[in-house]
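Below is one structure, written out as structure tokens; the observations come after it.
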Amino acid sequence: MAGLKDKRGFIDKDRLDLSERQAVEHWMKRWGVTRDQLTAAHRKVGRNVKDIAAELGKKR
């Protein structure tokens, strides 16, 4: 599966797993949001990065 490369391996570019610290930090930095904002959007719309971005008002 294609993903974003980080220091340890690949980050899934389509789904966000909150238990993966590197993925959470990547999307927090990319979108300029806090962990709480990211978590709230994840809980509201699910794991799909596209849906989370839309909820946060950000571009994927």
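The values are calculated or read from the model by the stated rules, or taken from the named source; none is laboratory data. Note that the coordinates shown come from a computational prediction; the quantities given were computed from them, not determined experimentally. Every residue, glycine as well, gets a Cβ built from its backbone with ideal geometry; the counts of neighbours run over all protein chains shown. Areas reflect the complete protein model, heavy atoms only, side chains present, ligands, DNA and RNA absent. Shrake-Rupley method; radii C 1.70, N 1.55, O 1.52, S 1.80 Å.
For the stretch 7-60, the calculated P(r) over all alpha carbon pairs, in 10 Å bins from 0 to the bin holding the longest distance, is 27, 64, 9 percent.
Converting phi to 3J(HN,Hα) with the Karplus coefficients 6.51, -1.76 and 1.60 and the offset θ = phi - 60°, the stretch 22-35 yields 4, 5, 4, 5, 4, 5, 4, 5, 4, 9, x, 10, 8, 4 Hz in sequence order, with x at every glycine or proline. Computed with every protein chain present, the accessible area of LYS13 is close to 80 Å² [probe 1.4 Å].
Other residues whose C-beta falls under 9 angstrom from the C-beta of VAL24 contribute a net charge of -1, scoring Lys and Arg +1 and Asp and Glu -1. Amide H contacts under 5 Å for ARG15: VAL49, restricted to partners 5 or more places along the chain or on a different chain, H placed in the peptide plane at 1.01 Å from N.
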